[in-house]
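Taking it in order: structure first as structure tokens, then the write-up.
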Amino acid sequence: MAVDVRSRKGKRREGEKYTKISVDFSVLHFFDLSSGSTAKHRPLHCSSRLQITPLGLLYFNLFESSEHEMSDLHDLCKFLERPILSKYTDELKYYLKNGIPSTYTIEEAYNYTNGIEEEPTTTTTPLHLIATHLPEDATKEELEIVNEMVLILFEYGAGWCLTDVNDETPGCILIRRKLNKNAIYDQIVDAGVRAELLLRKVSEYDMEIIDDTDDLDHEQFGEIPELVTGEPEPNTKTEQLSEKSKEEAEGETKFESESETVTEPSAKSEPAPELDPSHNQDAYLKSKLEYKNGALVTQSNQDGVMMEWETDLMKLGCDSVFKGALVNGKPESEVNILNIGFGMGIIDTMINNKNPTKHYICEAHPDVLQKLKDDGWYEKSNVIILEGRWQQELEKLLSAGNVYFNGIYYDTFSEHYQDMLELFDYVVGLLKPHGVFSFFNGLGADRQVIYEVYKKLVEIDLGNYGLKCEFTEVKVPDETLKKGDDSVWDGIRKAYWLCPTFYHPEARFMDFD
């Protein structure tokens with residue numbers, strides 16, 4: 001489907017030119033279906049140049065506001081005057097209704113003031129400014145006003161996961177300032193959930209974004225309808241005009257981060273995605289692995305496939321899947337457990353020590369299968385090894401229909417959330433009515449706000465399968481949040497965990513909750 005990017009009224013006026021835009025759907029879909037991992041270590045890419053209205057229409061609004069007004073929008077979001085009263089929301093609506101984009105950034109203001117035509121690489125939006133300048137001593141009434149401002153910005157297409165010069169989203173800023181226990185932060189997380197669900201729907205269609213419309217037959221598209229009768233609809237990203245000094249622009253975006261992060265390697269050291277074992281499942285299965293220093297890593301890139309620090313989390317997973325062995329509080333006579341992804345064998349050792357009737361292990365990597373053979377797993381009487389990807393092996397089990405599981409655990413490498421959604425199809429077919437499903441929950445765990453978005457998405461998606469997912473909050477080892485010699489990531493290419501809390505999932509059929 002071709003999308004005509006035009007002014008809000010939908011008519012091409014005489015002398016009007018269409019502006020070329022670059023499209024990056026990461027504003028909506030930033031981590032998984034396009035470039036993310038279900039379990040471990042995927043870098044986050046969340047810059048964006050495009051917004052989609054709730055009706056799925058793309059709009060391009062021509063600015064009619066003055067440079068002064070556009071600069072005032074940024075000042076408004078700094079809360080220079082206290083108390084914060086309803087006039088803040090009134091002024092915000094005025095600016096947005098007059099064509100100033102909710103994503104207009106101070107970087108764009110600086111570029112315009114200094115005659116720089118190139119597109120900024122960072123995006124410090126009004127939402128970032130609100131997160132940065134939200135008063136720590138705000139009253140309940142002031143927080144309600146700020147919360148309404150955030151709601152208005154989202155209604156006008158604000159990007160929840162755009163990053164500033166410090167690589168922080170608005171949610172990241174609130175977390176750093178310890179202001180993430182309020183409705184404002186919750187709105188940001190909810191916006192991420194809506195965006196992911198929307199883009200998932202959009203991805204079902206073959207949509208083509210046109211960036212040069214000079215030769216396009218515009219009449220075939222007809223009139224673009226108004227979204228709300230009598231009210232201008234929310235603006236989208238457009239040309240940027242404003243006046244900001246270099247000092248002011250830099251002053252709003254640069255600060256010393258209080259959090260410890262892992263130093264990332266230079267872009268030159270990063271392999272192409274299709275050749276990167278941490279991005280591509282085929283590349284991973286062809287890569288050589290090695291067990292060393294309490295970790296399983298890719299030999300060429302030193303990607304962390306699994307590490308010893310996960311042991312306590314594996315214990316939680318083992319305990320969860322065996323809860324499915326109880327029927328009305330009594331142990332079932334036949335207990336079958338399935339683990340997908342052997343890795344270092346941490347959870348499988350725990351499972352086998354509980355002596356289930358049948359212990360299935362699904363593993364696809366040749367080097368890990370060799371480890372299973374070397375360590376005698378093939379000789380264990382109750383162990384059945386499924387050699388191959390779970391997509392094929394579970395299909396065979398489901399078709400045969402002769403085994404069902406009390407517990408299923410999932411922890412793979414270099415797979416995506418889309419793969420996990422496919423896995424849910426098999427889980428509901430292979431899990432006993434009283435069974436328990438769990439997994440290593442590393443969804444977006446290199447950024448806390450992303451992690452919390454996926455926590456909600458998992459609840460929604462499993463709920464669609466009739467499974468209720470509950471999470472237990474667990475503090476992870478401090479070493480996972482450090483860098484240098486004291487960090488577990490020393491010698492590992494990229495940290496796949498940077499959150500202080502692990503949300504351990506436990507899913508059951510709702511009828512047996």
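The values are calculated or read from the model by the stated rules, or taken from the named source; none is laboratory data. If you're wondering where the values come from, they're calculated on a predicted model, not measured in any experiment. Every residue, glycine as well, gets a Cβ built from its backbone with ideal geometry; the counts of neighbours run over all protein chains shown. For the accessible areas, the whole protein counts, side chains as well, though only heavy atoms, and no ligand, DNA or RNA atoms are used. Shrake-Rupley method; radii C 1.70, N 1.55, O 1.52, S 1.80 Å.
Some observations on this one:
- Restricting the stretch 115-131 to residues that are open to solvent by 40 Å² or more (accessible area, probe 1.4 Å) and either of a type in the set (A, V, I, L, M, F, W, C) or in contact with a Ser or Thr (Cβ under 9 Å, 6 or more places away or on another chain) (or both), the residue that is farthest from Met70 (Cα to Cα): Thr121
- Scanning the stretch 461-486 for residues that are in contact with a helix residue (DSSP H, G or I) (Cβ under 6 Å, 6 or more places away or on another chain) and part of a loop (DSSP other than H, G, I, E, B) turns up Tyr465, Gly466, Pro477.
- Residue match in the stretch 390-401 (condition: in contact (Cβ under 8 Å) with a residue 24 or more places away in the chain, surrounded by 14 or more Cβ atoms within 10 Å (Cβ to Cβ), out of contact with any helix residue (DSSP H, G or I) (no Cβ under 9 Å at 6 or more places or on another chain) and of a type outside the set (D, E, K, R)): no
- In the stretch 164-184, the residues that are assigned to a helix (DSSP H, G or I), of a type outside the set (A, V, I, L, M) and either open to solvent by 10 Å² or more (accessible area, probe 1.4 Å) or without any contact (Cβ under 8 Å) to a residue 40 or more places away in the chain (or both): Cys172, Arg176
- Only one of Lys482, Lys456, Lys475 that is among the charged types (D, E, K, R), on the phi < 0 side of the Ramachandran plot and at pLDDT below 95: Lys482
- Residue in the stretch 433-447 that is out of contact with any helix residue (DSSP H, G or I) (no Cβ under 6 Å at 6 or more places or on another chain), surrounded by 23 or more Cβ atoms within 10 Å (Cβ to Cβ), touching a residue at least 60 places away in the same chain (Cβ under 8 Å) and over 30 Å from Leu162 (Cβ atoms) present: yes
Residue by residue, here is whether (1) surrounded by fewer than 22 Cβ atoms within 10 Å (Cβ to Cβ); (2) touching a residue at least 60 places away in the same chain (Cβ under 8 Å) holds:
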{"position": "Gln302", "(1), (2)": "yes, yes"}
{"position": "Met306", "(1), (2)": "no, yes"}
{"position": "Gly317", "(1), (2)": "no, yes"}
{"position": "Thr349", "(1), (2)": "yes, no"}
{"position": "Asn355", "(1), (2)": "yes, no"}
{"position": "Glu363", "(1), (2)": "no, no"}
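- Residue match in the stretch 199-208 (condition: within 15 Å of the chain's Cα centre (by Cα), open to solvent by less than 50 Å² (accessible area, probe 1.4 Å), aliphatic (A, V, I, L, M) and farther than 18 Å from Glu136 by Cβ): yes
- Qualifying helices (runs of 4 or more DSSP H) (wholly inside the stretch 360-454; at least 1 residues being of a type in the set (Gly, Ala, Ser)): 390-400, 417-430
- Qualifying residue in the stretch 332-344 (condition: surrounded by 19 or more Cβ atoms within 10 Å (Cβ to Cβ), part of a helix (DSSP H, G or I) and at pLDDT 95 or above): no
- If you go through the stretch 493-513 and keep only what is open to solvent by less than 20 Å² (accessible area, probe 1.4 Å) and outside any strand (DSSP E or B), you end up with Ala495, Tyr496, Trp497, Cys499.
- Look at (1) touching a Gly at 6+ places or on another chain (Cβ under 9 Å); (2) open to solvent by 50 Å² or more (accessible area, probe 1.4 Å); (3) acidic (Asp, Glu) and you find that Glu452 fails only one, number (2).
- Of all residue pairs spaced 6 or more apart or on separate chains, those with beta-carbon atoms under 8 Å, a first member in the stretch 123-151 that is touching a residue at least 60 places away in the same chain (Cβ under 8 Å) and in a loop (DSSP other than H, G, I, E, B) and a second member that is of a type in the set (A, V, I, L, M, F, W, C) and surrounded by fewer than 24 Cβ atoms within 10 Å (Cβ to Cβ) are Thr124/Val165.
- Exactly one residue out of Phe424, Phe413, Phe405 is under 26 Å from Phe512 (Cβ atoms) and crowded, with 21+ Cβ neighbours inside 10 Å, and it is Phe405.
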